[in-house]
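Read through the structure below, which is laid out as structure tokens, and then see the notes.
The values are calculated or read from the model by the stated rules, or taken from the named source; none is laboratory data. Every value quoted in this text rests on a predicted model; they were computed, and no experiment measured them. Note that we place each Cβ from the backbone using ideal geometry, even for glycine, and neighbour counts take in every protein chain shown. For accessibility, only protein heavy atoms count, side chains too; no ligands or nucleic acids. Shrake-Rupley method; radii C 1.70, N 1.55, O 1.52, S 1.80 Å.
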Amino acid sequence: MKPILFNFTDGELEQFVVSMGQPKFRAKQIREWLNRGAPNFAVMKNLPDALRTQLDAAARTLPVEIIQKLESRDGETTKFLLGMEDGEQIECVLMRTSYGNSVCVSSQAGCAMGCKFCASTLLGLKRNLTVNEIFAQILVAQWELRTDRTTDRPIRPNGDPNNGDVSHIVIMGTGEPLQNTQNVIGFMERANRDMGIGWRRITVSTCGIVPGIHELITWGRPINLAISLHAPTDDLRDQIMPINHKYRLSAVLDAAWEFMAAHNRQLMIEYILLGKKNDADETVLYNATPEYAEKLAELLAGRNCMVNLIPWNAVDERDFASPSGNAVHRFQDILINRGIHTRIRRERGTDIGSACGQLRLNNAKK
């Protein structure tokens, strides 16, 4: 396998360049391109043609390569299927928003959590991602932002929040971040140090790995924490999230409240709204009934949190259905009327299968 230059230390990169008969200063030029997210050596225009050809035959730039890129019709969402050196695949999503450019990254190749509504876990867990493999996803998105889509020429950032820079990170893609806590922490520290992304613009989403939340508390950085709750009772959560058999709702929320109290932050509660098909092929509500809205409001009463309601994005292999818009808004209204800050997540990239794991799963079927 070809060596990945991004993984080299500066000293190792210099030695590699010298071994190719090149002067040492070429290593610094290559490093600058790598830090910008250069997908190949052909774009490194300040290197001689012969050297670029030589590098292309001998090495790779980043630890991830784009296998497939999909653009939503509205131009706001770009989804990448990325391949790694060992053949594993992951996904990341670039979302252009009114407040800047947010990137959703994966922390594992696959997922072991087994949530019954999710595509990410259907192929099982393959392995954890390294710090470099997580960070490279940000660089892929950054390169996309800084490249004109029609000419492939660089774009100079001009102060427009949607032009040139990744401003927010959500670790909410494939995998459970707190099963890979040390690499995820290393990634966040690097994103903060090397890209200047503030702690309060980084969000970690977990389905409730209590020891991992305690590790974040010990780490002590004021990031945002999101809990994938999806049910207000242990009985219901047991049915759709196997992790609940190990970490009960009360333990998960106690750890989350402890984390939020340490940083005076608002906790995000993620709640996917599910329907089911009955014998008449009609969609009936599953966890999105008014009864469960009432129970969720009771569970969160008096807490500093925001509920993010997520209408389910259909996955063929899963036995669920999307609830109607009326059911979604009724659920939201009940929470708001009980004093719970609630919003409905705007659907992005549904035309390109932007739900976690869908692109990877579809590619595996081919």
Roughly what angle does helix 49-58 make with the longest principal axis of the chain, taking Cα atoms, 0 to 90 degrees, to the nearest 10?
60 degrees
Set the Förster radius R0 to 25 Å, insert the Cβ-Cβ distance between Asn278 and Arg346 as r into 1/(1 + (r/R0)^6), and round the FRET efficiency to 0.05.
0.30
Taking R0 as 51 Å, what's the FRET efficiency between Lys45 and Glu215 from their Cβ-Cβ distance, rounded to 0.05?
0.70
Which far-off residues, 5 or more places away or on another chain, put their amide H under 5 Å from the one on Gly110, with H placed in the peptide plane?
Lys126
Can you give the accessible area of Ile272, probe radius 1.4 Å, in Å² rounded to 10?
20 Å²
Over all pairs of distinct alpha carbons, what does the Kirkwood formula give as the hydrodynamic radius of the range 40-94, in Å?
13.1 Å
Mind checking which lysines have their Cα closer than 28 Å to the Cα of Lys116? Skip sequence neighbours fewer than 8 apart in that chain.
Lys69, Lys79, Lys126, Lys246, Lys276, Lys277, Lys295, Lys365, Lys366
What does the convex hull of the Cα atoms of the range 168-326 come to per residue, in Å³, rounded to a whole number?
126 Å³
Scaled by the rule-of-thumb 2.2 N^0.38 Å, the alpha carbon Rg for the range 1-122 gives a ratio of 1.29
Contact order normalised by length for the range 1-80, with contacts defined as Cα pairs under 8 Å and 6 or more residues apart; what percent is it?
32 percent
Can you list residues from other chains, or at least 5 along the same chain, whose modelled amide H is less than 5 Å from the amide H of Leu267?
Cys305, Met306
Using a 1.4 angstrom probe and counting only protein chains, how large is the accessible area of Phe80 in Å², to 10?
0 Å²
Value of Rg/Rh across the range 247-349 [Cα atoms, Kirkwood radius]:
1.01
Options [x] 24.2; [y] 21.8; [z] 22.3 for Kirkwood radius over Cα pairs in Å; the value derived from the coordinates is listed as [y]
So which trypsin sites (Lys or Arg not before Pro) in the range 1-102 end up in coil per DSSP with only 14 or fewer other C-beta atoms within 10 Å?
Lys24, Lys45, Arg73
Over all directions, how big on average is the projection of the convex hull of the alpha-carbon atoms in the range 1-61, in square nanometres?
3.6 nm²
Please tell me the relative contact order of the chain in percent, rounded to the nearest whole number, where contacts are Cα pairs under 8 Å and at least six residues apart.
14 percent
Glu71 versus Asp234, label points 7 Å from Cα toward the beta carbon: distance in nm?
5.1 nm
Principal-axis tilt of helix 25-36 within the chain, Cα atoms, nearest 10 degrees:
20 degrees
At q = 0.15, 0.24, 0.26 Å⁻¹, the log10 of I(q)/I(0) for the range 240-284 from a Debye sum over equal Cα scatterers comes to -0.59, -0.91, -0.97
